[in-house]
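Q: Please read through the structure below; I'll follow up with questions.
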Amino acid sequence: MENSVLLGLVPLGIYIIFCFTRYGQIVAVSLGILAASLIGGHSLMDVAAGIRGGLGSFLGYIGLIILLGAGLGEVLKRTQVVNDLVSMVTGKLNVNSQKRAFFVVMFCSVIIVSLLGTMAGGNAILAPILIPIVASVRITPNTMGVLFHGAGATGLFLGPFTPPVVALMEFTGLSYPQYLVNAGIPISVIMWIVTFFWAGYVQRVTEGKKHYSEEEVTAAGKIEWTPTATVRRATIVFLVSMISLVGYGIAIEGGSTFVLAIMLGTALLTGFAARLNMTEIVDTIFEGSKRLIWLFFFFVLLDPFVNFMSDAGTFEALATLLKPYVENGGPVAFLAFSTLVGVFGIPGAAVAQAEVINKMFLPLAQTLNIPMTIWVVVLLVGSQMTSFAIPEGDMQGQMGLAQSDDLKAMLCNGWIIVVFTVIYVIVRAMMLGTA
């Protein structure tokens, strides 16, 4: 029995180990498929059929949403709608103090990331616009790195059609308002508070020691965005179409199925308003999507990997190992443990992490009668906090955009966020026990 349990865990172990190597996630999931198929007795034809099934799976669909989100972002950049949106915000909020600069950076980051569905892409657009503005009030690169990472990530937690939100609603069956009330808003508020105060501390200890170049400081007074009539028209069309389609999608309970209509419809209407023809719009969408095509293939491969792991007994083996601890520790220990396993034990793309956590622990959660309103918090924290606990691509990317080399400041902010979000999970679990 013990040997069969260990054998069932081999595919998951291979996947986790290779995710941490230089070979990357595509190699990791491919080797995981190979190991799981061998243990489960699947033929090469079964593997091919599994990959074909992955193309039509929910995970494959999430991959397509990510591609179209990047394409929509490219349309907004080409039409200069993003520049216009940022100038509207910064123009209304006179940045004459450091605290106000914090607020402007965080607000703009949340809005743009939630619209584009990518933190790296959203903050990459904002950085050259906002850095000259905040430099005028002596905000340091160290502080900007913290602000970009802490605030930008929450845009992914709040947008109604960002990949993590769509995935978590699908996994739990919750509506968008239910997801926001129980997970999206509480976790975001925790991150905003921690980030705001930690950024203030970083600013105090680095001001006068670190600074942006003189060219960027003087550029702050020269930024005058005057949109053309075409750009302003495209901006208005984008806002009206996005708000209308999102509202309609929520009203008809379109869920994840309606996301493609929103992205394609908004991209087309915005492009036409900016006087792009159909070919130019399509080419722009493809241009934005191509850099993330690897992620689409990863999600297609992840579906058969998860299915083959199930056939190989991976999740049953894990349940067997954890059952005694769950029975002794109860819901609080189980929810804390499953969250921490997600944060520290399962690398990879966040949506993929959520899928693996859900497959690994959902049966035990159902046994303990854990409601989905709490389980969704475990999935969100367990899948999204890895990039705050470990200095991986997202953290390094935000440092680069901010022109910061202060990894210590980033990690401290990340670890404080991890601690408080895990405490939130534990508090929710304790409230469940007293209900």
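Q: Can you give me the Cα centroid spacing of the stretch 183-201 and the stretch 12-58 in angstrom?
A: Centre-to-centre distance over Cα atoms comes out at 37 Å.
Q: Identify the trypsin sites (Lys or Arg not before Pro) of the stretch 17-125 meeting these criteria: DSSP loop state and at most 10 other C-beta atoms within 10 Å of the C-beta.
A: Arg22
Q: Anything over 21 Å Cα to Cα? Flag those among Lys210/Lys408; Lys77/Lys408; Lys99/Lys209, in the order listed. Write out the running numbers ahead of the final one.
A: Details: Lys210/Lys408 15 Å; Lys77/Lys408 32 Å; Lys99/Lys209 19 Å.
Beyond 21 Å: Lys77/Lys408.
Q: While we're on this one: With each pseudo-label sitting 7 Å past Cα toward Cβ, what's the Arg291-Met430 distance in nm, one decimal?
A: Taking the two extended label points, one gets 4.4 nm.
Q: What range in the chain is the longest one free of GluC sites (Glu not before Pro) that are in a loop by DSSP and have at most 12 other Cβ atoms within 10 angstrom? Walk me through the numbers on the way to the answer.
A: Details: sites that count: Glu224, Glu253.
It works out to 1-223.
Q: Dividing the convex hull volume of the alpha carbon atoms of the stretch 73-159 by its residue count, what do you get in Å³ per residue? Provide the component values of the computation, followed by the final result.
A: On the way: hull volume 6.8 nm³, N = 87.
Measuring per residue, one finds 78 Å³ for the Cα hull of the stretch 73-159.
Q: Between (i) 30, 26, 22; (ii) 37, 30, 25; (iii) 38, 26, 20, which matches semi-axes √(5λ) of the Cα gyration tensor in Å calculated for the structure shown?
A: Of the listed options (i) 30, 26, 22; (ii) 37, 30, 25; (iii) 38, 26, 20, (iii) comes from this structure.
Q: Out of the trypsin sites (Lys or Arg not before Pro) in the stretch 233-314, which ones are loop residues according to DSSP with at most 16 other C-beta atoms within 10 Å?
A: Arg275
Q: Let me ask another. What does the extension gain come out to for Asp405 and Phe58, with contour length at 0.36 nm per residue minus their alpha carbon separation?
A: Values: separation 347, 0.36 × 347 = 124.92 nm, distance 3.85 nm.
That works out to 121.1 nm of additional length.
Q: Work out which chymotrypsin sites (Phe, Trp or Tyr not before Pro) in the chain are exposed loop sites (DSSP not H, G, I, E or B, at most 13 other Cβ within 10 Å) and give the longest gap free of them.
A: Between exposed loop sites, the widest span is 24-435.
Q: Hey, any idea what the orientation-averaged projected area of the convex hull of the stretch 111-175's Cα atoms comes to, in nm²?
A: 4.6 nm²
Q: Taking the Cα centre of the chain as origin, work out the dipole magnitude from +1 charges on Lys and Arg Cβ and -1 charges on Asp and Glu Cβ, in debye rounded to 20.
A: Rounded to the nearest 20 debye, it is 960 debye.
Q: Here is a further query. Hey, can you find the accessible area per residue of the chain for me, probe 1.4 Å, expressed in square angstrom?
A: Accessible area per residue: 42 Å².
Q: Determine the share of the chain's accessible area contributed by carbon and sulfur atoms, expressed in whole percent, with a 1.4 angstrom probe. Mind dumping the intermediate values first?
A: Values: 12130 of 18420 Å².
Its accessible area is 66 percent carbon and sulfur atoms.
Q: Further question on the same structure: Against the longest principal axis of the chain, how steep is helix 407-434, in degrees 0 to 90 to the nearest 10, with axes from Cα atoms?
A: 50 degrees
Q: Please name whichever of Val134, Ala124, Thr339 sits farthest to the positive end of the charge dipole of the chain, dipole taken about the Cα centre and charges placed at Cβ: Lys and Arg +1, Asp and Glu -1.
A: In the chain, that residue is Val134.
Q: Work from the charge dipole of the chain (Cβ charges, +1 for Lys and Arg, -1 for Asp and Glu, about the Cα centre) and give the residue of Leu7, Gly152, Ala251 farthest towards its positive end.
A: About the Cα centre, the residue reaching furthest to the positive side is Gly152.
Q: Starting with the highest mean, order 109-118, 403-412 by the number of other Cβ atoms within 10 Å, averaged over the residues of each peptide. Walk me through the numbers on the way to the answer.
A: Numbers: 109-118: 24.2, 403-412: 17.5.
In descending order of packing, they fall as 109-118, 403-412.
Q: Could I ask something else about it? Rounded to the nearest 500 deg cm²/dmol, what is the calculated helix-only ellipticity per residue at 222 nm for the chain, with -39500 (n - 2.57) per DSSP H run of length n ≥ 4? Write down the numbers at each step before the final one.
A: Numbers: 22 runs with 351 residues, N = 435.
Roughly -26500 deg cm²/dmol at 222 nm, from the helical runs in the chain.
Q: Could I ask something else about it? From Cα pairs below 8 angstrom and at least 6 apart in sequence, can you work out the relative contact order of the stretch 64-124, rounded to a whole percent?
A: Numbers: 30 pairs, mean separation 24.9, N = 61.
Across the stretch 64-124, relative contact order equals 41 percent.
Q: Taking a 1.4 Å probe, which of Ser43, Ser241 shows the most accessible area, and what order do the others take after it?
A: Values: Ser43 55, Ser241 10 Å².
Accessible-area ranking of Ser43, Ser241, largest first: Ser43, Ser241.
Q: Using label points projected 7 Å from each Cα along Cα→Cβ, tell me how many nm separate Phe272 and Thr230, to one decimal.
A: 1.7 nm
Q: Once you keep just the Cα pairs under 8 angstrom separated by 6 or more residues, what percentage relative contact order results for the chain?
A: Working: 611 pairs, mean separation 119.0, N = 435.
Once divided by the residue count of the chain, the mean separation gives 27 percent.
The values are calculated or read from the model by the stated rules, or taken from the named source; none is laboratory data. Small disclaimer: the values here were computed from a predicted structure and weren't measured. All Cβ positions, even for glycine, are placed from backbone atoms using ideal geometry, and neighbour counts span all protein chains on display. Ligands, DNA and RNA are stripped out before the accessible areas are found, and what is left, the full protein with its side chains, is counted by its heavy atoms. Shrake-Rupley method; radii C 1.70, N 1.55, O 1.52, S 1.80 Å.
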